[in-house]
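Working notes for the structure below.
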Amino acid sequence: MIEARGLTKHYGATVAVDDLSFEVHGGQVTGFLGPNGAGKSTTLRMVMGLDAPTAGAVTINGQPYTSLRNPLFHVGAMLEAGALHDGRSAFNHLWSIAQSNGIARKRVTEVLEIVGLASVAKRRAGQFSMGMGQRLGIGVALLGDPELLIFDEPVNGLDPDGIIWIRNLMRSLAAEGRTVFVSSHLMSEMALTADSVIVIGKGKLLAETSVEALIHGSAQNFVRVRSSRIDAIAKLCEVNGGASTVEADGALAVTGLTAKAIGDLAAAKGIALHELSPQDASLEEAYMELTRDSVEYLAGVPGSRAPVVPPMKGKVA
Amino acid sequence: MTAAQVPTAARARTQPWGHDFLNVLKSEWTKIRSIRSTYWTLLTAAVLTIGLSAIVCAVFVAQFSHLKASDIATFNASSTSLTGGILAQFAIAVFGVLVITGEYATGMIRTTFAAVPQRLNVLWAKVVVFSVVTFGVTSAACFVAFFIGQGILSAKHIGVSIGAPNAVRTVIGTALYLTVLGLLSLGLGVVLRKTAGAICAVVGVLFVVPVLAGFLPSSLDAIQKFLPSNAGQAIIDSGPHQAGATAQLAPWVGMGVFALYAVAVLTIGALRIERRDA
């Protein structure tokens, strides 16, 4: 659906996007994650043909965006809710954009209903609240009834009602079989909506994987073990290639071994276990771990460590 | 893709290629008529053209008895009744600039280019819509100004009819001057993207450049008549009595030179709009 190859963007000496390659597959919600300043918006502008890459290329269904004819039928995007003339009414805003792609007036009325702005269609967009502006931006994206939808930080600055509305909209768009590519710096938001994620930091690809694989592959995953002979278990794990730390409440946190392996080892030695539970990191934790270094760098703290990228089932760069 | 479940516009996809530019034209027409600045800039231009011209004619009539014979001999009734057009150019310049900088200032341009990635289609559609609207309104205003002005001048029997030599040319020429000036402004708007910067540039081209050129040695006086404002206004000023004047180009030659400036600026704008990030 979307394919980026070696996508690079320099602004003077600043490298906003650095040799970025990824694919967004059809029929699912793909989250585009990264800390603020990671290069997400720049990447999306290049996808939309608004900014020209310094190097590399990005295509939509094998074609560069700029060669699409009446692109609204293929791709609907909301890159910034404020990308409208604030003196124009909501209806005229949508209508002028619809006309440019030969979309019927009837569809404008329909879209105004879908995004819940029908009652304020004649009001100037400049008077809209942030949430209404966001809805109008999404209305533009829906005009051509496209198969691919791109949203840049759609929940930014929205109240809880607006957030839920957008979340439901993305889910229903995906349920209709559409492809949704949505950026966010909030992992928690993606945990609820995305099937797979592309994580970038400092303009570079950090991970391209399913949400599930990201959690399972996280170094934050461990197995919690409780036993009256915790020292023996710790030694046993170490001998068999695991590592362990004692938690504050006396439980042992083991990494590098599965719960099954630990259980079998303990049974072989005749050690009774009181608890043996695999602990999955939350998506948030997996994400924090992944982007820690790019965030630290951006905060101006020199990071001497190499990026800690845990092994994953998905493709990792 | 289960399009059947959704009310879909995609199914109504019937436009053949040739209609694409027409669609962009329609879109730009909707844009230009749905913004207030279109109305107030055009209204200002019309009021200045008609009102100021009428005032100038009235003053001329009032002072008639004090005028020297030589003044009366060189009096051009047609251009006098269109004097207001010179002030209306400020309003038209603002209109031309805003057509494009309004989109850059608000971020609308990115929505526009996402919908129409063939950016030059957007630029040319704006040029066409702007030209038609501006020429329509200014030529109507100029005709009204002419008839009101001549009505006032007829009190001293110095008015002319629309059938007089060069009368129609002066009226249409004034509207044409304003339209081309607007296109020059639109072009500067595309190049500079900023409303204030582009308006300053228009004012600079029209008023500052001629003043600066005045400081040039007299051996270079010949370039004066090729300056944008001087060349463009030749079609308004030069009546039959100025035919021998060396200070101005022939009316249509001047308009041609003025149009070339607009074409040059729009060409630079077209190159930039294609190459720069939106």
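The values are calculated or read from the model by the stated rules, or taken from the named source; none is laboratory data. Note that the structure is a prediction, hence the values are computed from the model and not measured. Cβ sites come from the backbone with ideal geometry, for glycine too, and all protein chains shown count toward neighbours.
General observations
- Put simply, of A:S89, A:S96 the only residue that is facing chain B (nearest Cβ under 7 Å) and farther than 28 Å from B:R272 by Cβ is A:S89.
- Of note, B:G102 satisfies the criterion of being assigned to a helix (DSSP H, G or I), within 14 Å of chain A (Cβ to nearest Cβ) and within 30 Å of A:T66 (Cβ to Cβ).
- Condition met for B:A175 (within 14 Å of chain A (Cβ to nearest Cβ) and either of a type in the set (F, W, Y) or crowded, with 21+ Cβ neighbours inside 10 Å (or both)): no
- The listed residue being surrounded by fewer than 16 Cβ atoms within 10 Å (Cβ to Cβ) and β-branched (V, I, T), out of B:I72, B:I100, B:I109, B:I92: B:I72
- Among the residues examined, A:S277 does not qualify as surrounded by 15 or more Cβ atoms within 10 Å (Cβ to Cβ) and outside any helix (DSSP H, G or I).
- Looking at A:G201, A:G139, A:G177, just one residue is in contact with a Ser or Thr (Cβ under 8 Å, 6 or more places away or on another chain), at pLDDT 90 or above and under 20 Å from A:R107 (Cβ atoms), and that residue is A:G177.
- For region B:131-143, the candidate set comprises residues that are among the aliphatic types (A, V, I, L, M) and buried (at least 17 other Cβ atoms within 10 Å of the Cβ); within that set, the residue that is farthest from the chain's Cα centre (by Cα) is B:A141.
- Listed conditions (1) modelled with pLDDT under 95; (2) part of a helix (DSSP H, G or I); (3) away from every other protein chain (no Cβ under 14 Å); (4) within 30 Å of B:S27 (Cα to Cα) are all met by A:P154, apart from (2).
- Candidate set: region A:99-108, residues that are in a helix (DSSP H, G or I) and facing chain B (nearest Cβ under 7 Å); chosen: the one surrounded by the fewest Cβ atoms within 10 Å (Cβ to Cβ): A:R107
- Some residue of region B:153-168 being assigned to a helix (DSSP H, G or I), within 25 Å of B:V257 (Cβ to Cβ) and out of contact with any strand residue (DSSP E or B) (no Cβ under 8 Å at 6 or more places or on another chain): yes
- Whichever residue in region B:1-36 is loosely packed, with under 15 Cβ neighbours inside 10 Å, modelled with pLDDT of 50 or more and closer than 21 Å to A:H93 by Cβ and, among such residues, is nearest to the other protein chains (Cβ to nearest Cβ): B:R36
- Of the strands (runs of 3 or more DSSP E) contained entirely in region A:183-255, those carrying at least 1 residues that are of a type outside the set (D, E), closer than 30 Å to A:P160 by Cα and out of contact with any helix residue (DSSP H, G or I) (no Cβ under 7 Å at 6 or more places or on another chain) fall at A:196-201, A:204-210.
- Filter pass, B:T101 being closer than 22 Å to B:A198 by Cα and modelled with pLDDT under 95: no
- Condition broken by B:T134, with the remaining ones in (1) of a type in the set (S, T, Y); (2) closer than 20 Å to B:L43 by Cα; (3) within 14 Å of chain A (Cβ to nearest Cβ) satisfied: (3)
- Failed item, numbered, when B:T111 is tested on (1) closer than 20 Å to B:L22 by Cα; (2) touching a residue at least 12 places away in the same chain (Cβ under 8 Å): (2)
- A:G49 being within 9 Å of another protein chain (Cβ to nearest Cβ), out of contact with any Pro (no Cβ under 9 Å at 6 or more places or on another chain) and assigned to a loop (DSSP other than H, G, I, E, B): no
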